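The values are calculated or read from the model by the stated rules, or taken from the named source; none is laboratory data. Worth saying up front: this structure is predicted, and the values here are computed from it rather than measured. Methodologically, a virtual Cβ is constructed for each residue, glycine included, from the backbone with ideal geometry; neighbour enumeration extends over all protein chains shown. Just the protein is used for accessible areas: all its heavy atoms, side chains included, with ligands, DNA and RNA removed. Shrake-Rupley method; radii C 1.70, N 1.55, O 1.52, S 1.80 Å.
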Amino acid sequence: MIIILLGSLVALYGTFYVADIEEKPRDVVYFEQSGNQYVPSFTDHTNVEPLAAMRYRNMVRQAYDYSCGSAALTTILDYYLGRNFQERHVMEGLLEYGETEKIVERRGFSLLDMKRLVTALGHPAGGFKASIDDLVELEHPAIVPIEYAGFKHFVVVRDVLDGRVFLADPSLGNLSFTLTRFEEIWDRNVLFIVFPGDREPVNALKLKDEDLRYISESTINVVAFHEFPQFITSMEHQTETAFGGIQTYREITTDTSGEVSEETYKANPPEGRIYFKRK
């Protein structure tokens, strides 16, 4: 009898406890600050944009495995030219104005198919052979073909800034490559531009501050070497102190047993060393 009574009380408490917890929005983070005699305690919240939303902001994510071309073109039409299309509308238009038999055969759309559709929509467009220097000077977003790991893919070049190419990738979202790395995967150095013509572009593809928050390769290398020293025999790292601009050099070495030792030099490092510079 006592066991039954205790069980009922526990169940009743659990019911009230669960009912008292309200479901919170997924994009809101709540936090509490404990106070003291100088600072009062408080509870507050902030809105946090989900990573998935940030990754695919102002671009169209491809709906199908082979629809990168239609998604890239929809991205240009919607977020550069201010049109209001869905990817399926653009796919239907590409099938209508493109080479339907070839589209079915290759399971994808070509730049020629895109040109025919945007011309029908009243936008001048063209495909061009370009160099990296041309890409740096580009004044419009462009659709470019890339080839990676044996696969061909269409992406949108949003802009080039500080030696990096910023892309809207219909598969992976907003990302960036160094110019050198992009040149390696750029297929035949071809780009396709849809010009605004008489229409004033909205250009929501323009780079924003949040697009510039990338991790440089040098930072990745330094962290990797520090965290996994067993893969190297020595590593040197150059930094500058905050006071007086004095150069300091930290050398991290690893012996055969895996033990790590460090030495620090001021002014000039030992000759024959190679250093990674922290910016």
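Screening Asp65 against (1) touching a Lys or Arg at 6+ places or on another chain (Cβ under 7 Å); (2) at pLDDT below 95 leaves a single unmet condition, (1).
Note on region 181-207: residues that are outside any strand (DSSP E or B) and open to solvent by less than 30 Å² (accessible area, probe 1.4 Å) amount to 6. Among the residues of region 45-77, those identified as more than 17 Å from the chain's Cα centre (by Cα) and either assigned to a helix (DSSP H, G or I) or surrounded by 16 or more Cβ atoms within 10 Å (Cβ to Cβ) (or both) are Ser67, Gly69, Ser70, Leu73, Thr74, Ile76, Leu77.
Scan region 75-92 residue by residue and report those that are among the aliphatic types (A, V, I, L, M) and more than 18 Å from Arg57 (Cβ to Cβ). Result: Val90, Met91. Only one of the listed residues (Pro170, Pro141) is out of contact with any Cys (no Cβ under 6 Å at 6 or more places or on another chain) and on the phi < 0 side of the Ramachandran plot. That residue is Pro141. Within region 20-44, the only residue that satisfies the criterion of being part of a strand (DSSP E or B), open to solvent by 100 Å² or more (accessible area, probe 1.4 Å) and either of a type in the set (Lys, Arg) or at pLDDT below 75 (or both) is Tyr30. Which of the residues spanning region 97-118 are within 28 Å of the chain's Cα centre (by Cα) and not in a helix (DSSP H, G or I)? Selection gives Arg107, Gly108, Phe109, Ser110. What strands (runs of 3 or more DSSP E) lie completely within region 119-180 and have 3 or more residues being more than 13 Å from the chain's Cα centre (by Cα) and buried (at least 17 other Cβ atoms within 10 Å of the Cβ)? Where strands (runs of 3 or more DSSP E) fall fully within region 119-180 and carry at least 3 residues being more than 13 Å from the chain's Cα centre (by Cα) and buried (at least 17 other Cβ atoms within 10 Å of the Cβ), they are 142-148, 151-161.
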